[in-house]
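Trainee: Please find one structure pasted underneath; my questions will follow.
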């Protein structure tokens, strides 16, 4: 049996969870820029206190928006009973989250072919320019709703099993994700991935 079958913690169920609306806070440098050691320590403490995967992922989304400086941070999870179906679950940084959550949801193969390829990866992907055509197309509904200039998209895994994905950006065009944002994302994402796998008994 592979890691997927032996993992004791199932993928989070796509139950109805309210999204939290927070206005973007991009005034000045982020906490990870001004005080990296303390910011990462606070994240590690919050992750250690989390009792389940849902709490860990929620902690990550909040940390990326509040301390990582991302204007918008969102989470979508795979439906455990239909792994072709992506379900938008969390979103911070917009006044009306419903259309954004909806544009993240749907069939991966039919509606989000680009996300299918991203979900096969183990690392975060920095999409530097959404105006440049990609080999696998981005859903037009997603592009109309989010209107991103650039973004970071990363698959979430428990062991080797994908359970969902994270999307972060700095708001609609012309705002762009920069190199420093990508480095900050990697710090937050790496800590959370370790915590998820420890909680699941993979590490």
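Trainee: Working out 0.36 nm times the residue gap between residue 107 and residue 83, then minus their Cα-Cα distance, what length gain in nm do you get to one decimal?
Mentor: 7.8 nm
Trainee: Please report the relative contact order for the chain, taking Cα pairs under 8 Å with a sequence separation of at least 6, and give it as a percent rounded to a whole number. Could the numbers behind the result be given before it?
Mentor: Values: 376 pairs, mean separation 50.3, N = 203.
Reported relative contact order: 25 percent.
Trainee: Okay, next question. Which of the peptides 150-157, 40-47 is most tightly packed, and how do the rest follow, going by the mean number of other Cβ atoms within 10 Å of each residue?
Mentor: Result, highest mean Cβ count within 10 Å first: 150-157, 40-47.
Trainee: Please work out the Cα center distance from region 133-203 to region 57-105, rounded to the nearest Å.
Mentor: That distance is 10 Å.
Trainee: Go ahead and estimate [θ] at 222 nm for the chain from helices alone: -39,500 (n - 2.57) per DSSP H run with n ≥ 4, summed, over the residue count, rounded to 500.
Mentor: -11500 deg cm²/dmol
Trainee: Rank these for me by crowding, 132, 61, going from fewest to most other beta carbons within 10 Å.
Mentor: The order, fewest Cβ neighbours first, is 132, 61.
Trainee: Over the Cα atoms of region 89-203, compute the convex hull volume and normalise it per residue, giving Å³. Walk me through the intermediate numbers first.
Mentor: Values: hull volume 12.5 nm³, N = 115.
It is 109 Å³ per residue.
Read the figures in this text as sums done on the coordinates, not as results from a lab. The model shown is predicted, which means the values in this text are computed figures rather than measured ones. Here the Cβ is made from the backbone with ideal geometry for all residues, glycine too, and neighbour counts use every protein chain on show.
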